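Reading through the structure tokens given below for one structure.
The values are calculated or read from the model by the stated rules, or taken from the named source; none is laboratory data. It should be emphasised that the depicted structure is a prediction, and the values quoted were computed from it without experimental measurement. All Cβ positions, glycine included, derive from the backbone under ideal geometry; neighbour counts span all protein chains shown. Heavy atoms of the whole protein, side chains included, go into the accessibility calculation; ligands, DNA and RNA do not. Shrake-Rupley method; radii C 1.70, N 1.55, O 1.52, S 1.80 Å.
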Amino acid sequence: MTDSLHTKRKSQMSDKERIRDFQRKLYRKAKQEQEFRFYVLYDKVRSLRFLRDAYKRVKRKGGAAGVDGQTFTEIEEAGLEGFLKEINQELEEKSYKPKPVRRVYIPKANGKQRPLGIPTIRDRVIQMSCKMVIEPIFEADFKDTSYGFRPKRSAHDAMRAVGKHLKADRTQVYEVDISNYFDTIPHSQLLRLIGKRISDKNVIHLIKMWLRAPIVEEGRITGGKKNKQGIPKGGVISPLLANIYLNVLDRVVNREEGIYKRRGIHIVRYADDYILMGREMHEGIQERMKRLMERMGLKINQEKSRLVQAKEKPFDFLGFTIRYDRDLHGNNKRYWNIIPSKRAIKKFRQNMGDYIRKVGHLEKSELVAGLNLKIRGWINYYDVSGVSYPAKAKRDLRWYLMHKLQRYYKRKSQRASRLYRRKVFEELVSRCGLIDPTKMLRSPAPVKVLD
């Protein structure tokens, strides 16, 4: 594809090819000139070519409507091209102002609620267009030790890096938890970092407006222009902005002449989840990291952060538990065992149980389709080739499904369900195509992080 783009004229390229060609040129320029500031980008953000592709990406991700209640169906029924031209005109006339962000809460595994901000589809499309334009610039600056919310990188890559460090005997691990990271990012310092690479004042103004957009929660409006910190979770551009800010941390730890490099300490980061790994981890490193976070306007959660010797105590990272286990066959050997964490298993079982209760009364085909989607996604995430060992977790999941489905249909009367008094799991596997977790290998599907 790369070679074909070089030989094509712009007039012969599709919109998608022209966008990729532009992004590639931005990346190369940024990589070659690390001090260069890009000054003409706004015209691309507002162009119909970028807006069309941005709409497709936003729709592919799905999501609920914002405060205006407008859905994808309503937009397309009224005319997609007209919708995009309105956005283009607003951006061209510089009359665009983002709508307030609708805040909702989603349950966490510990019983607490996680706030999630939902911008309108219009705002999400413009954020996506902006992200498509500026992301290649910052990708050129990001370190290889960062894996979250980046093109062609995933949690699997992060876990492979963890496995590599463990095999290199970097078993002193400092688990770091940043308190309310997305809610505490200082706007002034974030914008200063963005300004080191982007001098286009119109693009900077867009980002400022998104950072200061009011939040609507149960009819009450908070935030707005007086807001000086925080990035709304759920915004299309928010993960990129979060990575731009924590790139400061990556640069400090990876600095060739810095104390971390001199002491052989490495970082593995996925968004705001990160660990430091080394053969020795002096307690002074913890204090140094605390001071760095404070200078960045952030705070380490001391209750959730800890220094562990991984050969003696297990630790959790990205939904996995990493343990140094004895050989199951009685040999005098130990090996690194990376498995789904108890918390991740508990949350997934709860998710499955809720789904069975919700749709179990419907057709078996609908129940199986939903269960397969969840099983496939879970196994694709936790089955990391050459790194993780989820065989026992798969067996446990199979056992859970057998008993959960059996109990569910046992509560139905014989008249209400044909599966009454049968082996429900085996019946659904053999006749309806339900996935048996113990027989499924990971498929090359996109990897998503599980909370």
Whole-number accessible area per residue in Å² for the stretch 166-275, which is evaluated in the context of all protein chains at 1.4 Å: 43
With R₀ set to 30 angstrom, the calculated FRET efficiency between the beta-carbons of Lys112 and Arg288, to the nearest 0.05, is 0.50
Under 22 Å Cα to Cα from Lys29, which lysines show up? Leave out anything in the same chain fewer than 8 places away. Lys8, Lys10, Lys16, Lys44, Lys131, Lys143, Lys152, Lys196, Lys201
So, in Å, what gap is there between the alpha-carbon centers of the stretch 27-77 and the stretch 383-405? 39
Note to self: with every protein chain in place and a 1.4 Å probe, the stretch 321-364 gives an accessible area per residue in Å² of 69
Could you list the residues of the stretch 105-134 with an amide nitrogen less than 17 Å from a label point located 7 Å from the Cα of Ala65 in the Cα-to-C-beta direction? 118-125
Can you bin the stretch 342-392 into rounded, prolate or oblate? Criterion: square roots of the alpha carbon gyration tensor eigenvalues sorted a ≥ b ≥ c, rounded for a/c under 1.5, prolate for a/b above b/c, oblate for the rest. oblate
If we count GluC sites (Glu not before Pro) as exposed when they sit in a DSSP loop and have at most 13 other beta carbons within 10 Å, what is the longest stretch of the chain that avoids them all? 36-217
For the chain: relative contact order, % (alpha-carbon pairs under 8 angstrom, 6 or more apart): 15
Karplus couplings for the stretch 115-124 from phi (6.51 cos²θ - 1.76 cosθ + 1.60, θ = phi - 60°), rounded to Hz, Gly and Pro as x? x, 9, x, 10, x, 5, 4, 4, 5, 5
Using θ = phi - 60° and the Karplus relation 6.51 cos²θ - 1.76 cosθ + 1.60, list the HN-Hα couplings for the stretch 40-57 in order, rounded to whole Hz, with x at every Gly or Pro. 10, 10, 4, 4, 6, 4, 8, 5, 4, 4, 6, 5, 4, 5, 4, 4, 4, 5
Would you pull out the residues with amide H under 5 Å of Ile178's amide H, same chain only if 5 or more places away, H placed 1.01 Å from N? Asn301
Is the shape of the stretch 143-249 rounded, prolate or oblate, going by the alpha carbon gyration tensor and its root eigenvalues a ≥ b ≥ c, with a/c under 1.5 for rounded and a/b larger than b/c for prolate? prolate
So for R0 = 35 Å, FRET eff. of Lys85-Arg28 from the Cβ-Cβ r, to 0.05, ends up at 0.65
Using a 1.4 angstrom probe on heavy atoms only, work out the carbon and sulfur share of the accessible area of the chain in %. 47
With a ≥ b ≥ c the root eigenvalues of the C-alpha gyration tensor of the stretch 50-192, is it rounded (a/c under 1.5), prolate (a/b larger than b/c) or oblate? prolate
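Rounded to two decimal places and with Rh computed the Kirkwood way over Cα pairs, what is Rg over Rh for the stretch 1-124?
Values: Rg = 18.3 Å, Rh = 17.4 Å.
Computed over Cα atoms, the ratio is 1.06.
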With θ set to phi - 60°, apply the Karplus curve 6.51 cos²θ - 1.76 cosθ + 1.60 along the stretch 9-20 and write out the HN-Hα couplings as whole Hz, x wherever there is a Gly or Pro. 7, 4, 5, 8, 7, 6, 4, 5, 5, 5, 5, 5
Out-of-range pairs (alpha-carbon distance over 23 Å; input Lys164/Lys261; Lys167/Lys261; Lys61/Lys233; Lys108/Lys290; Lys108/Lys299): Lys108/Lys290
